[in-house]
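The values are calculated or read from the model by the stated rules, or taken from the named source; none is laboratory data. Keep in mind that this is a model prediction, so the values were computed, not measured. Every residue, glycine among them, receives a Cβ derived from its backbone with ideal geometry; neighbour counts consider all protein chains shown.
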């Protein structure tokens with residue numbers, strides 16, 4: 001009886017932690033999200049190349065072409081109100097991630113709640129260049145060379161007690177055409193309150209967005225720091241960069257409610273907060289991943 005009760009309690013806490021840690025995100029002040037073609041900073045464009053979308057395999061259909069194989073994104077739309085930004089764009093990504101390297105081995109870093117089981121590994125692709133290259137690009141066609149499968153989840157942590165929320169994934173083949181991102185490793189060094197940050201990922205499953213104009217609001221927690229980045233649910237696993245150095249400081253893991261239902265219009269509107277208000281967007285520190293640390 002005690003054993004069964006303990007097992008039940010453990011499962012209940014685990015499920016509760018997943019729901020808690022996967023909290024949605026929100027817009028702070030002005031919506032700073034930009035499509036790839038709108039980004040003028042070459043450094044940010046170079047960094048964007050090394051970020052990925054986690055897309056369910058049933059949302060990508062392989063196409064046979066004369067020149068090369070491609071994948072086509074199968075439409076899936078949130079019921080956003082008319083006038084909401086990006087409400088006409090395809091939205092097939094469930095999470096975000098980014099390419100890193102440790103001792104010659106490549107990994108995709110993402111949020112722990114994005115990769116909780118073998119099923120999460122086998123049922124999803126990891127995709128580069130799911131983005132809008134120009135205003136007319138619908139981002140539905142993806143070159144097959146940019147579509148990877150998960151070979152295995154190397155390490156994963158999801159804790160409601162410490163707030164740890166990360167996973168490292170090994171892909172089915174080595175990435176040769178883009179560089180792994182640099183990330184903070186020294187445990188004695190941390191980003192500080194007031195320092196500027198930006199994020200690259202897939203808010204609400206949309207094509208890749210770069211969002212800057214944010215800063216660290218609270219740096220007091222050992223495992224994570226709080227920001228006012230404009231992020232949404234599909235941003236889970238996104239790389240959060242130091243604006244000054246360009247290194248990855250952490251993984252976007254949770255935040256405030258991202259959409260509010262408008263009963264009169266029967267649709268959803270983005271939740272907009274003032275820069276210093278609402279709960280903030282939480283970022284798990286890269287230098288707290290023991291597997292990567294020095």
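Descriptive notes on the structure:
- Within segment 222-270, the set of residues being out of contact with any helix residue (DSSP H, G or I) (no Cβ under 8 Å at 6 or more places or on another chain), over 20 Å from residue 43 (Cα atoms) and surrounded by fewer than 18 Cβ atoms within 10 Å (Cβ to Cβ) comprises 257, 260, 261, 262, 263, 264, 265, 266, 267, 269.
A quick yes/no check of all residues on (1) in contact with a helix residue (DSSP H, G or I) (Cβ under 9 Å, 6 or more places away or on another chain); (2) over 15 Å from residue 94 (Cβ atoms); (3) in a strand (DSSP E or B); (4) modelled with pLDDT under 95:
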position	(1), (2), (3), (4)
119	no, no, no, no
131	yes, yes, no, no
169	yes, no, yes, no
188	yes, yes, no, yes
207	yes, no, no, no
212	yes, yes, yes, no
216	no, yes, yes, no
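- Segment 48-65 - residue that is outside any helix (DSSP H, G or I) and surrounded by fewer than 17 Cβ atoms within 10 Å (Cβ to Cβ) and, of those, modelled with the lowest pLDDT: 65
- One residue from 194, 293, 237, 279 being at pLDDT 95 or above, part of a loop (DSSP other than H, G, I, E, B) and more than 16 Å from the chain's Cα centre (by Cα): 194
- Residue match in segment 136-159 (condition: at pLDDT below 95, in contact with a helix residue (DSSP H, G or I) (Cβ under 6 Å, 6 or more places away or on another chain) and within 17 Å of residue 59 (Cβ to Cβ)): no
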